[in-house]
Each structure stands twice: as C-alpha cells, then as structure tokens.
1. Treat every Asp and Glu Cβ in region 230-318 as -1 and every Lys and Arg Cβ as +1, leave all other atoms uncharged, and give the resulting dipole magnitude about the Cα centre to the nearest 20 debye.
2. As I understand it, the dipole of the chain uses +1 on the Cβ of Lys and Arg and -1 on the Cβ of Asp and Glu, about the Cα centre. Which of L32, A206, P370 lies farthest toward its positive end?
3. In nm, give the distance between the simple-model label positions of H55 and Q133, each being 7 Å from the Cα along the Cα-to-Cβ direction.
4. Ignoring everything except DSSP H segments at least 4 long, calculate the 222 nm mean residue ellipticity for the chain; use -39,500 (n - 2.57) per segment, divide by total residues, nearest 500.
5. In debye to the nearest 20, how big a dipole does region 278-389 give about its Cα centre with +1 on each Lys and Arg Cβ and -1 on each Asp and Glu Cβ?
6. Placing +1 at every Lys and Arg Cβ and -1 at every Asp and Glu Cβ, with all other atoms neutral, what dipole size does the chain have around its Cα centre, in debye to the nearest 20?
7. Between E361 and E62, 0.36 nm times their residue separation minus their Cα-Cα distance comes to what?
8. Of K69/K110; K211/K351; K88/K110; K88/K351, which pairs sit farther than 32 Å apart, going by alpha carbon to alpha carbon?
Amino acid sequence: MPVLLLILLLLGLGVLWLEARHRLRPASPLRLSARDWSVHVDGIQLKVEGWLEIHNPHQRMEVFVPEIKVDPVLLGQKDLSGLRPQTKLIAHHPDEETRRDGYWAAYIVKGRKTTRVKVEIAIDSQNGVNVAQDVDTLWADVHWVNYGPFGRLQRRQGVVVPLRRPAVLSPGEANFRAGDACAVLPIRTHLLGPLDTTIDVLRTYAGALLKPGDVLTIGETPVAVIQGRYAHPATVEPGWLARLLCRAFHPTSSLATACGLQTLIDQVGPTRVLMAWILGLGLKLIGSPGGFYRLAGSQARLIDDVTGTTPPYDQTIVLGPADPDLICQEAADALGVAVAIVDVNDLGRVKVLASSRDCDEALLHRALRPNPAGNANERTPLVLVRPHP
C-alpha cells in the first residue's frame, strides 16, 4: 500500500509539473484582427485598403510592438510572379500623432487599450497580367513582434482578402446532380476567411436557391477559418511532450508532427493529451483502436495540419470550428431551412459535425458520400441537398 501511495503521489506531482510548465510558457496577450478591408479598381491598378486592430486585453501588462510588416501574396489562375505589390503601413495610435512616411515606430500597447494600423496595397497590371481579371485573392501575411515580460516573440498571422467574387447562382442556373433519393448542388464561393461571417456567406450564395425541406451544408474547415481558428506553425512552440508523443501517430495524421500535436495540447492541456495517449494505447492493445481520439476530445480529429486544406491555408494549422451547434441553429433560423456543418473526404467518409434541429442526417450521409464538394481547389464549400418529394 505505501508503494501504491508513493506512485500516486509521484503521478500527481508529475501532472502538476506538466500543467505548470504549460501555463508558464512565454505568451503575449495581444490580439490582432482585420477590420474593414476594401478593394478598388483604378484603371490598370488594383488598390486594397484595410485596418489591422491590435488589442491588449490584459489589465496591467504593457506590451511593445517594435516591428510589424505585411507581405502581400497574390493568388489567381495565371503566372503572377512578375507582379510587385507596393505596401504601406500607417499607424493610427490613439495617443500619438500619425506618421505619413510609412515608418513603424516601436509602440507600447497598454493594458485594456487598442491601437490600429492602416494597410494600403497597390498592385499594377504588368507582364501581360490584368490585375482586375487575373488576380482573385490577396493573402495579407502579417509578421509582427511582441516584446514584454514574456521575452521577444515573433508572431505571424495571415488574412484572406477576396479581390473577385464568383457570380451568385439564380434558380434557373442551378444544375443539381442526381443523388440517392435526393438532388445535390455544390455551390462555389470566394475564398473564405475572417472578413466573412458564416450566415452572410450562406445567405449570399444560397439564399435565392432555397426551398422548404432543403438542407444546406458547409464544410467544417471554412467555418473554422472564418472564425480565425488557424495559426502558422512558426508561431507554435512544441514542448517535449509534443515532440515525444507525435512519433506514435500514423504519418498521415495531423498529430504526427510536433506542431500539430502541440496545437491540440494548447487547446485541451498536456494532462488530458498524455492520459488519452496512455489509455488509448491500452485500449488499442485489447483490440479497441481510436481510443485516443475519443478521450482527447473533438479537436483531436478536427485539426488539419500543414497541407490539410486549400491554399493559402495549406501553410497553416487549422482547428475545428467553435460552437458549431449554435452556428447551425442560428443559420437555420435565419434562412428557414436545416443547416449542417460537415466533414467529408474522397474515401466516402461523412461526418456531420453539427446540425440544426430536425435535420435529416441520414439524408446527408447518402447525399455527401460521393463528396460532391471535392477535396481539391474547387472552392465549393457549400452543398445544397434537396430530398425527392
């Protein structure tokens, strides 16, 4: 009995040590978000303007921002390597005079305060590229430094800005595909991101097509990126636990890299991940695989590591969406049809992550098994399912 008590004591101390190390890792309270971005075409030039808002929710800590820059990355259907976007940042601090020369002077964001940065990007047509027609998306890759009691942290955060949007389908243009006792319509959208809202996207691209009894679905990854639930691996600092345990996962798993597994640890804590791994291994040895994913929580299955989704998010780690049930019900109430968030792949796997009340999930499994939205760069994150009368 004393030996058992000693083992339990050591185990408890180990858990406390793990949690303490996790909570004391360097971290900055600053939060960066994009606001009010717009696109203007001026002859052969494309002008993009928007705001970056930096907020410090901490009550007392003051954090320096000594450096910030925006690298614009262009996406389209032609060779865009010859284009040279010109970028200018203008600081609009609440307590300092605005500089017009584009120089970023190191600034202190005090506790419970917010500052703003205006971003101006100009793209000229050249080398046979018409920017108004050939460039459809801008990825504003924000590199910034936080400096304070936690040390000096390099942070990186990208924002998608759609430059062109596909035409919205009218009921007469909708080309439904035949399904199993239903009709299915994949719906193309622009490349989604934090500047969007899920309900507005559903209403804009599918609102005119909806009929009573329809079920409207959206992929779980598009919902997550709209919520800003993605991070560049450069901002993830894997600890020893992530580096050790990630080697035990299948090479194709999003948890098979140290950064991927650390992302899960940051969500649910090191203790839960370690216990899920130990108990999951025990269950696997007695013939019950998948125990880790059941014990570690829903995010363990939903995390997409690098290359797991469409560009430019293929260079980031994407979490699963937050509050999916609430999103579905609010969207259903707004649109008047059932709404579901789904995860579908080319192997016929259909997972209904969340759905509104009275949604026919059996219908969705039949309709989505052929994966009508695709897993490449189709940009059809919405699928409208219409049951046969």
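Just so you know, all these numbers are worked out from the coordinates, no wet-lab data involved. Because the structure is predicted, anything quoted here is derived from the model rather than measured. Methodologically, a virtual Cβ is constructed for each residue, glycine included, from the backbone with ideal geometry; neighbour enumeration extends over all protein chains shown.
1. 380 debye
2. Value computed over the given set: L32.
3. So the two model labels end up 4.2 nm from each other.
4. That comes out to -8000 deg cm²/dmol.
5. With only Lys, Arg, Asp and Glu charged at Cβ, the dipole is about 440 debye.
6. Charge dipole, the chain, about its Cα centre: 920 debye, nearest 20.
7. Using 0.36 nm per residue and subtracting the Cα-Cα distance, I get 102.7 nm.
8. K88/K351
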